[in-house]
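Pasting a structure here, questions to come.
The values are calculated or read from the model by the stated rules, or taken from the named source; none is laboratory data. The shown structure was predicted, so the numbers you read here are calculated from the model rather than taken from an experiment. Cβ placement follows ideal geometry from the backbone for every residue including glycine, while neighbour counts extend to all protein chains displayed. Heads up: the accessible areas ignore ligands, DNA and RNA and are worked out on the full protein's heavy atoms, side chains in. Shrake-Rupley method; radii C 1.70, N 1.55, O 1.52, S 1.80 Å.
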Amino acid sequence: QLQVAESGGGLVQPGGSLRLSCEASAYTLSGYPIGWFRQAPGKEREGISCINTNSRIIHYADSVKGRFTISRDNTKVYLQMNSLKSEDSAAYYCAATLYYCKIPLSRDDYDIWGQGTQVTVSS
């Protein structure tokens, strides 16, 4: 069964950058559209970006558009996060779907989730 795992989180100052990675164990991600979500304490899980299998369809939530970039290669999906703000602090999750990349992202469409990686933006 496909399992995914995130990496790359950490502590960064406002205005800084981080790159998150999502990779699969045992199987490849290449056949799945992938979404990135985040959840801050006390808030709903927010879908922020998705990418389809051939990278031709990409969507971003307004909250990250122009600052975050999603991409993928044969083995991983990446989320490049630039110009980070304190409000970007959250646990970030990648998830695979059997459907397709569409906006807004719905967590109900995503079947396979990682454990999350924490991003903290603070001076």
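For Ser63, are the conditions met, namely being out of contact with any helix residue (DSSP H, G or I) (no Cβ under 9 Å at 6 or more places or on another chain) and either more than 14 Å from Cys22 (Cβ to Cβ) or open to solvent by 70 Å² or more (accessible area, probe 1.4 Å) (or both)?
No, not satisfied.
Do you know which residues across segment 1-59 are polar (S, T, N, Q) and under 19 Å from Asp108 (Cβ atoms)?
Within segment 1-59, Gln39, Ser49, Asn52 meet the criteria.
Continuing with the same structure: Could you please let me know if Ser89 is in contact with a His (Cβ under 9 Å, 6 or more places away or on another chain), of a type in the set (S, T, N, Q) and surrounded by 13 or more Cβ atoms within 10 Å (Cβ to Cβ)?
no
Sort through Ser71, Ser83, Ser49 and tell me the only one that's of a type in the set (Gly, Ala, Ser) and open to solvent by less than 30 Å² (accessible area, probe 1.4 Å).
Going through Ser71, Ser83, Ser49 in turn, the sole match is Ser49.
Of everything in segment 61-85 that's of a type in the set (D, E, K, R) and in a strand (DSSP E or B), which residue is nearest to Ser7 (Cα to Cα)?
If we take residues in segment 61-85 being of a type in the set (D, E, K, R) and in a strand (DSSP E or B), then Lys76 is nearest to Ser7 (Cα to Cα).
Here's a follow-up. Evaluate the following for Leu84: is it of a type outside the set (Phe, Trp, Tyr) and touching a Pro at 6+ places or on another chain (Cβ under 9 Å)?
yes
Of all residues in segment 30-71, count the ones that are in contact (Cβ under 8 Å) with a residue 60 or more places away in the chain and among the aliphatic types (A, V, I, L, M).
1
Within segment 24-34, is there a residue that is closer than 29 Å to Ser122 by Cα, in a strand (DSSP E or B) and over 10 Å from the mean Cα position of the chain (by Cα)?
Scanning segment 24-34, I find no residue that is closer than 29 Å to Ser122 by Cα, in a strand (DSSP E or B) and over 10 Å from the mean Cα position of the chain (by Cα), so the answer is no.
Within segment 102-113, count every residue that is surrounded by fewer than 22 Cβ atoms within 10 Å (Cβ to Cβ), in contact (Cβ under 8 Å) with a residue 12 or more places away in the chain and out of contact with any Leu (no Cβ under 8 Å at 6 or more places or on another chain).
7
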